[in-house]
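Data block below; observations after.
Read the figures in this text as sums done on the coordinates, not as results from a lab. Quantities reported herein were computed from a predicted structural model and do not represent experimental measurements. Glycine also receives a Cβ, built like all others from the backbone with ideal geometry; neighbour counts cover every protein chain displayed.
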Ligand SMILES: *Cc1c(COP(=O)(O)O)cnc(C)c1O
């Protein structure tokens, strides 16, 4: 063997940390489809977008050709507080499974917000500050994004206004209080503060809200408030760009030991962690230098890739946002209750959607009891209490490792462990009590919501 045995954790030192984000779109032959203005059905211009988003972020959003964007020093300094995140060789899990596969996971839960979302939150807050803005608005579902953004805003002294899906606001008081600790104001959505919120409440009194609806509220508030812009924690190209830090670090760590992954696995909600994790590897694949199997994992209750349609759709329920071409279940699709709140979005990043359509990514879905079984198995041997979202990737990694056991193949499996599950203990409780139910939408339900897709030629 060329190297010493691989350590349990592979770290990078400060000099080895990436200094630029990698823009995967630069290497794509088939570029992701542009965002469209819902009024004119023409591609959104930088000028139109800059009413909603910060200028530099608009530039990043629309740039399909620049491969690298320097990470500003202020952001690199913040990253140093919690990065590099460890790349762990899951020796204990391998032992438990008695598999010849070698399993690695990139753990992004090592910061107070508990997930990878901080990687983009700090970048977005930085550019808002640079532009001299007073603050930003956003939505949060399960609360991870709102928490990450509130940390980032307090670091740069920006005001942070979060619309939190009402059922989470009520069910997850601790997430809410973490956000308030960092100085954010948190409003349950739908609210009476916005026109969209009032309209939705009039139409559906007693609704407990949805991510799509909270997005509409946050956008309306940003557009109508002087010195404010809207920020989004997933789906957008700019977010995938910032999250490429995950993949760049992973690749640098593996390269140190000449480890080449065979399979790369990530959970997919809006696609930001998966897009970030695979970025440099997919770049090699697109340039024809290497080949990797890449697997996106989603919940059976919200199966955008595996059962959705590749079409232009609204990004929000209130239909105020631009249209994006993506694998979607339709913006009116309301996923049945599922404990992986971060995977409940109806659509998928347009970059990943294009890659999936081109056959460069595989996708699969799991029911939540199978996901929690994997979460528990993982927690018991590797020690980390995983987020329900992340546990989708664990499930797939275990299944792939078990296939290696049958065939005797020593594959290198890398998966993204996006966060911790301390705020999801009601979900674990329902699993332990045997009360957790699986929801799989019928074809008719999905068709019903797809009927309402906007007409775009
Ligand atoms: C938000 C979230 C996800 C899903 O979002 P992506 O944009 O698809 O990465 C996954 N895991 C955790 C822990 C999250 O908070």
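Averaging the sequence gap over all C-alpha pairs within less than 8 Å and six or more residues apart, then dividing by the number of residues, gives region 186-244 a relative contact order of 26 percent. Can you give the angle from 0 to 90° between the axis of helix 272-286 and the longest principal axis of the chain, with both taken from C-alpha atoms, to the nearest 10? Long axis of 272-286 versus the principal axis of the chain: about 60 degrees. Hull volume per residue, based on the alpha-carbon atoms of region 269-403 and their convex hull, is 118 Å³. Whole Å is fine, so just give me how far the alpha carbon centre of region 88-107 lies from that of region 296-338. Taking the Cα centre of each part, region 88-107 and region 296-338 sit 33 Å apart. Taking every Cα-Cα distance in region 3-116 and sorting them into 10 Å bins from zero, the calculated P(r) comes out as 11, 26, 28, 22, 10, 3, 0 percent. Antiparallel DSSP bridges in the chain: what percent, to the nearest 5? Taking every DSSP beta bridge within the chain, about 35 percent pair in antiparallel fashion. How many angstrom lie between the C-alpha centres of region 258-289 and region 391-457? Answer, in whole Å: 18. When Rg and Dmax are taken over the Cα atoms of region 210-278, they come to 16.7, 52 Å. According to the Cα-based calculation, Rg over Rh for the chain is 0.94, with Rh computed by the Kirkwood formula.
With the cut-off at 1.5 for a/c, could you classify region 199-246 from its C-alpha gyration tensor as rounded, prolate or oblate? Oblate, since a/c reaches 1.5 and b/c is not below a/b. Just so you know, the Rg over Rh for region 169-263 is 1.16, from Cα atoms, with Rh as the Kirkwood radius.
For the modelled label position 7 Å from the Cα of residue 177 along Cα-to-Cβ, which residues of region 379-400 have backbone nitrogen atoms closer than 16 Å? Zone members listed by number: none at all. Residues 315, 404, 167, arranged from fewest to most other Cβ atoms within 10 angstrom of their Cβ, appear as 167, 404, 315.
Counting only alpha carbon atoms, the long axis of helix 368-382 and the longest principal axis of the chain meet at about 50°. Between 0 and 90 degrees, the angle of helix 118-130 with respect to the longest Cα principal axis of the chain falls at about 40 degrees. Look at the alpha carbon pairs under 8 Å that are at least 6 residues apart: their mean separation over the length of the chain gives a relative contact order of 19 percent.
Exposure proxy shown here: for 313, 291, the number of other Cβ atoms within 10 Å sets the order, fewest to most, as 291, 313. Is the shape of region 81-161 best called rounded, prolate or oblate, per the rule: a/c under 1.5 gives rounded, else a/b larger than b/c gives prolate, else oblate, with a ≥ b ≥ c the square roots of the Cα gyration tensor eigenvalues? In terms of gyration-tensor shape, prolate. From largest to smallest, the equivalent ellipsoid semi-axes obtained for region 374-457 from the alpha-carbon gyration tensor read 31, 21, 14 Å.
The ellipsoid that matches the Cα gyration tensor of region 333-434 has semi-axes, each √(5λ) in whole angstrom, of 23, 21, 12, with the longest given first. Panel order for 180, 83, 344, by other beta carbons found within 10 Å of each beta carbon, from fewest to most: 180, 83, 344. Taking the Cα centroid of region 158-189 and of region 7-55, what is the distance between the two, rounded to the nearest whole Å? Answer, in whole Å: 27. A protection proxy built from the mean count of other Cβ atoms within 10 Å ranks the segments 325-331, 139-145, most packed first, as 139-145, 325-331.
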